[in-house]
Every structure is written in structure tokens, then in C-alpha cells.
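Only one structure is covered here, and it is reproduced in the block below.
The values are calculated or read from the model by the stated rules, or taken from the named source; none is laboratory data. Since the structure is predicted, the reported quantities are computational estimates derived from the model, not experimental observations. Don't worry about glycine lacking a Cβ; one is built from the backbone with ideal geometry, like all the others, and counts go over all protein chains shown. Ligands, DNA and RNA are excluded from the accessible area calculation, which covers all protein heavy atoms including side chains. Shrake-Rupley method; radii C 1.70, N 1.55, O 1.52, S 1.80 Å.
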Amino acid sequence: MAVMGIAEQTLDAAPPAAEDPPARLPPPPDALPGLALFLDLDGVLAPLAPTPDDVRPDARRSAVLRAVSERLDGRVAIVSGRPLEEIDRIAERAVTPASGVHGLERRRADGTLLESEPHEAVREAVAAFQAFARDRPGLIVENKDVAAGLHYRGDPSQAGAAEALARDLADRTGLKLQPGKLVLELKTPGADKGTALTAFMDEAPFAGGVPVMVGDDLTDEHGFRAAAALGGFGVLVGEPRDTAARFGLADVEAVLDWLEKVRAA
């Protein structure tokens, strides 16, 4: 009865008002019937790093993912902006269900791959980002086939110029501008982390579960809203901000600690 009380309180509570966000969102419950987990990677399961390639596999992370997936009968998916091959490298294929490039790639629980056709302007965006980064040390360009990424973590002073370039390209080409933490992406339209979560929830083993999206970035807000629309909630990792998430965790270590509690519940 205690567990059901937590679940009812969790799902029926009104989200905090956007104009008056709490200093720190409360931690999520670790016991919830039918829990279905959707986990971002960078900043949630793995600490942010200076470059994408600097993020490495981690024994604790992989073990926790395998254990919690078994505990939840496979209702765990990684939902990331990275391509699937990068998700698998970092998470060591600890879970099969995964969505990459903000919903443009998706692998079902049975291993079936679904991939969007790249917008014809992605190559143009990659070339423009590469030209922009050529004489600006510290900037990194990613070609994800269905999206182009420009990372300026190595030189945050380039934020304004990078955003101006990305907005101009988006306006001219029809690509979708997706801002993130010290990164700008121009992606093929038509999918996001929310559409990926919704698609997973229509399939086994997620169907009928309570979706919980755990993320840290603006890109995860789509997932937070999709989870809430389906009777679940979002969990914001990191510093408080205006968000559709209902609960919060401080950092990657807090996420892994919480997942261990979910496994043991």
C-alpha cells in the first residue's frame, strides 16, 4: 500500500509553475509500479567531457544498466543525441532499446533498427560548420548523417557567432535547430526525444508502463513533456531551471545511486 501511495502522489501532483521554479526539485521515488525508464546519456549516465570522444565506458554504469533493465523486465532505453554506435560504445550494449540523434535513429527491444532519411541540407550544414571551425581552435564539428553538430565547449566565447550561423542555416535550409549545452545541432526535422519515447511506449516491453524520462539538457524537455502526457514524469539532472520535469537529481553519481535503489526496490 505504501508503494501505491507514492505512485498516486507522484502521478497526481501538479507540476511546479514555470514562473516560480523550486530551488531544487525533490528526488524521484525509487519504487513505482510499472516503471519504464528513458535515460539520456551525456550529463545523466556519463559526465560531460571536453570532447564527445573523451566519454568512455564505465564498469559501474554498465553493471547498473544491466541490473535495472533486468529488474524492470527490459523497460529501460537510452535516449540520446549521440548516434546509436556511440551509445553502444559508451554503454557497452548494456541495454538494447535505444534512440539516437534526438529520435532520428531508434532500435526496438527486439533489435529492429528504424532510421530517418537525412535531409538533403545536412551536408551543407556540416560544410558550413567545418568552415566556421577551421580558424577557431577548440570548436568541434560532428557529422551524424541525419544531423550536423557544432560543439563550442572548447571556446564558449564563440556562442553568439555560432548561434547566428546556425539560425541562418536553419532559416535557409529547413533543418531543425536544436540547442544544447555548449552545442548547436541542425537536424533532419520530424523527430525528437519525445517522439522516440512515445514510440517506445507503444511497443513491448514498455506498453502499459509508467514512463520516466531522465535528462539534463534542453533537448530532454521534449521527453519530459511526452512522459507527462502518458501519465509519467521527467527528472531533471543538474542545476535547477525552468523545466517540465517534476523531480530532480544533482548529478551523474546521484542518477547511478538512484538507479541502484530502483534495482533493489
At 0.692 mPa s and 37 °C, Stokes diffusion of the chain via Kirkwood alpha-carbon radius, µm² per second: 175 µm²/s
Gap in Å between the Cα centre of the stretch 130-202 and the Cα centre of the stretch 99-125? 15 Å
Where both partners of a DSSP beta bridge lie in the chain, what percent of those bridges are antiparallel, to the nearest 5? 55 percent
Please give the length that would be gained between GLU124 and ARG71 if that part of the chain were fully extended, namely 0.36 nm times their separation in residues minus their C-alpha to C-alpha distance (nm, one decimal). 14.6 nm
Along principal axes, Cα extents of the stretch 19-129, largest first, whole Å: 47, 42, 28
To the nearest 10 degrees, how steeply does helix 59-71 sit against the main Cα axis of the chain, on a 0 to 90 scale? 50 degrees
What distance in nm lies between label points placed 7 Å from Cα along the C-beta direction at ASP110 and ARG60? 3.8 nm
Taking the square root of 5 times each eigenvalue of the Cα gyration tensor, what semi-axes in Å does the equivalent ellipsoid of the stretch 148-210 have, largest first? 32, 15, 7
Using 0.36 nm per residue of separation minus the Cα-Cα distance, give me the extension gain between ASP257 and ALA131 in nm, one decimal. 41.1 nm
Could you please state how large a percent of the accessible area of the chain is carbon and sulfur, counting protein chains only and using a 1.4 Å probe? 51 percent
Might you tell me the accessible area per residue for the stretch 98-253, computed with a 1.4 Å probe and given in Å²? 42 Å²
Where only alpha carbons of the stretch 103-188 are counted, the Rg and the Dmax (Å): 13.6, 45
Please list, or write none, the aspartates and glutamates whose alpha carbon is within less than 13 Å of the alpha carbon of LYS261, excluding same-chain residues fewer than 8 places away. ASP30, GLU253
